[in-house]
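Student: First, the structure itself, so that you have it in front of you.
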Amino acid sequence: MKHNITHKRSQGTVDYAFRFASEAHEGQLRKYTNEPYIVHPVAVAKTISEITEDIDMICAAMLHDTIEDTDVEFNHIQSAFGFRVANFVNELTDITTKEDGNRALRKSIERRRLARVSAQAQTIKLADLIDNTSSIIVYDEKLAKTYIAEKAELLKVLSRGSGRLRATAWAIVQAYYRG
C-alpha cells in the first residue's frame, strides 16, 4: 500500500511515519472492512495533509492509534519523531478501559478529556471521527445510532479543532439523522 501524501519540505518524514505505523499495525485488520488497518491512519493523515503543512500533525495523524492499539509506547514515538508528535499521539490515546464503567461513562470521560487537548489534537480527532463515522454508518447500522449520538456530543467539545473538519463532521452527523 502507498500513502499518496506529499509534503514539499518533509516527504522523508511522512514516508517514515507511514513505515513506522505500517509496522506497528502489521497484521491488524480494520473492523467492518477487513482491509489492512493502516488504511485508516493513512486516511486520517491524508485529511490532515489537505488542511495543513504542519509535518508534526501529519505524522501524529498517521500514528494516532499506535499507543492505543499496538505495543508502541510514548517514548518510542518521541525517539523517532520528537516530543511534539508523541504528545499529539498521547493526547489522542483513550485512557479509559472497560473497568472504568459502561460505554456511556467511558465516552463521557473521554469527551471531557478531549475537550482539554490541544487544538492540533482536536483537529486530528476530527479527521479520525470523519473516517470512522463513514465506515460505521455503512457497515454497522445497529452501532451507528449509538455511535452517531456519541459523536454529536463529542463534536460539541471539539471546538478548537479545524472549523472546516468540524463542519464536515457535523454534516455527516446531520445527514445520518436526515436519513
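The values are calculated or read from the model by the stated rules, or taken from the named source; none is laboratory data. Predicted, not measured: the structure shown is a model, and the values here were computed from it. Please note: Cβ atoms are built from the backbone with ideal geometry, for glycine as well, and neighbour counts cover all protein chains shown. Protein only, heavy atoms only, side chains kept; ligands, DNA and RNA dropped before computing areas. Shrake-Rupley method; radii C 1.70, N 1.55, O 1.52, S 1.80 Å.
Student: Does Lys98 qualify as being open to solvent by 70 Å² or more (accessible area, probe 1.4 Å), closer than 25 Å to Ala149 by Cβ and either of a type in the set (Ser, Thr, Tyr) or modelled with pLDDT under 95 (or both)? Even if it seems obvious, please write down each step before you answer.
Tutor: Details: open to solvent by 70 Å² or more (accessible area, probe 1.4 Å): yes; closer than 25 Å to Ala149 by Cβ: yes; either of a type in the set (Ser, Thr, Tyr) or modelled with pLDDT under 95 (or both): yes.
Considered against the rule, which asks whether it is open to solvent by 70 Å² or more (accessible area, probe 1.4 Å), closer than 25 Å to Ala149 by Cβ and either of a type in the set (Ser, Thr, Tyr) or modelled with pLDDT under 95 (or both), Lys98 comes out as yes.
Student: Still on this structure, I have one more. Do we have Leu129 as in contact with a Ser or Thr (Cβ under 8 Å, 6 or more places away or on another chain), touching a residue at least 40 places away in the same chain (Cβ under 8 Å) and either under 18 Å from Met62 (Cβ atoms) or open to solvent by 50 Å² or more (accessible area, probe 1.4 Å) (or both) here? Before you say what the answer is, go through the steps one by one.
Tutor: Working: in contact with a Ser or Thr (Cβ under 8 Å, 6 or more places away or on another chain): no; touching a residue at least 40 places away in the same chain (Cβ under 8 Å): yes; either under 18 Å from Met62 (Cβ atoms) or open to solvent by 50 Å² or more (accessible area, probe 1.4 Å) (or both): yes.
No, not satisfied.
Student: Between residues in the stretch 100-118 that are more than 22 Å from Leu143 (Cα to Cα) and residues that are part of a loop (DSSP other than H, G, I, E, B) and among the aliphatic types (A, V, I, L, M), which pairs lie under 6 Å by C-beta distance while being six or more apart or on different chains?
Tutor: Cβ pairs passing all conditions: none.
Student: Next question, about the same structure. If you go through the stretch 4-22 one residue at a time, how many are open to solvent by less than 60 Å² (accessible area, probe 1.4 Å) and under 16 Å from Val44 (Cβ atoms)?
Tutor: The number of residues fulfilling the criteria is 8.
Student: Counting only residues that are in contact (Cβ under 8 Å) with a residue 12 or more places away in the chain and open to solvent by 50 Å² or more (accessible area, probe 1.4 Å), which one in the stretch 32-53 is nearest to Leu143 (Cα to Cα)?
Tutor: So the first thing to find is which residues in the stretch 32-53 are in contact (Cβ under 8 Å) with a residue 12 or more places away in the chain, and the list is 32-33, 36-49, 51-53.
Checking the rest, the ones that are also open to solvent by 50 Å² or more (accessible area, probe 1.4 Å) come to 32, 36, 46, 51, 53.
Values: Tyr32: 12, Pro36: 22, Lys46: 26, Ile51: 30, Glu53: 35 Å.
In this case the residue turns out to be Tyr32.
Student: From the list Glu91, Glu68, which residue is in contact with a Ser or Thr (Cβ under 9 Å, 6 or more places away or on another chain), open to solvent by less than 40 Å² (accessible area, probe 1.4 Å) and acidic (Asp, Glu)? Show your work before the answer.
Tutor: On the way: Glu68 fails: open to solvent by less than 40 Å² (accessible area, probe 1.4 Å).
Of the residues listed, the single one that is in contact with a Ser or Thr (Cβ under 9 Å, 6 or more places away or on another chain), open to solvent by less than 40 Å² (accessible area, probe 1.4 Å) and acidic (Asp, Glu) is Glu91.
Student: Among the residues in the stretch 142-153, are any modelled with pLDDT of 95 or more and in contact with an Asp or Glu (Cβ under 7 Å, 6 or more places away or on another chain)?
Tutor: Looking for residues that are modelled with pLDDT of 95 or more and in contact with an Asp or Glu (Cβ under 7 Å, 6 or more places away or on another chain), one finds none in the stretch 142-153, hence no.
Student: Which of the residues belonging to the stretch 123-179 are farther than 18 Å from Thr33 by Cβ, not hydrophobic (A, V, I, L, M, F, W, C) and not in a helix (DSSP H, G or I)?
Tutor: Just the residues of the stretch 123-179 that are farther than 18 Å from Thr33 by Cβ, to begin with: 123-126, 145-146, 148-171, 173-179.
Those still in the list that are not hydrophobic (A, V, I, L, M, F, W, C) too: 123, 125, 145-146, 150-151, 153, 156, 159-164, 166, 168, 174, 176-179.
Answer for the stretch 123-179, where residues must be farther than 18 Å from Thr33 by Cβ, not hydrophobic (A, V, I, L, M, F, W, C) and not in a helix (DSSP H, G or I): Ser159, Arg160, Gly161, Ser162, Gly179.
Student: Quick check on this structure: which one of Glu53, Glu91 is farther than 23 Å from Leu29 by Cα, charged (D, E, K, R) and over 16 Å from the mean Cα position of the chain (by Cα)? Before you say what the answer is, go through the steps one by one.
Tutor: Values: Glu91 fails: over 16 Å from the mean Cα position of the chain (by Cα).
When all the criteria are applied, what remains is Glu53.
Student: Answer with yes or no whether Ile51 is aliphatic (A, V, I, L, M), over 18 Å from Phe20 (Cβ atoms) and at pLDDT 95 or above.
Tutor: On the way: aliphatic (A, V, I, L, M): yes; over 18 Å from Phe20 (Cβ atoms): yes; at pLDDT 95 or above: yes.
Spelling it out, Ile51 is indeed aliphatic (A, V, I, L, M), over 18 Å from Phe20 (Cβ atoms) and at pLDDT 95 or above.
Student: Take Arg84 and tell me if it is under 20 Å from Arg19 (Cα atoms) and open to solvent by 60 Å² or more (accessible area, probe 1.4 Å).
Tutor: Values: under 20 Å from Arg19 (Cα atoms): yes; open to solvent by 60 Å² or more (accessible area, probe 1.4 Å): yes.
Criteria met by Arg84.
Student: Condition first: in contact (Cβ under 8 Å) with a residue 40 or more places away in the chain and of a type in the set (Asp, Glu). Now tell me which residues in the stretch 57-84 satisfy that.
Tutor: Result: Asp65, Asp69, Asp71.
Student: Here is a follow-up. Condition (residue is within 25 Å of Ser162 (Cα to Cα) and among the hydroxyl-bearing types (Ser, Thr, Tyr)) applied to the stretch 60-81: is it met by at least one residue?
Tutor: Yes, there is a match, as at least one residue in the stretch 60-81 is within 25 Å of Ser162 (Cα to Cα) and among the hydroxyl-bearing types (Ser, Thr, Tyr).
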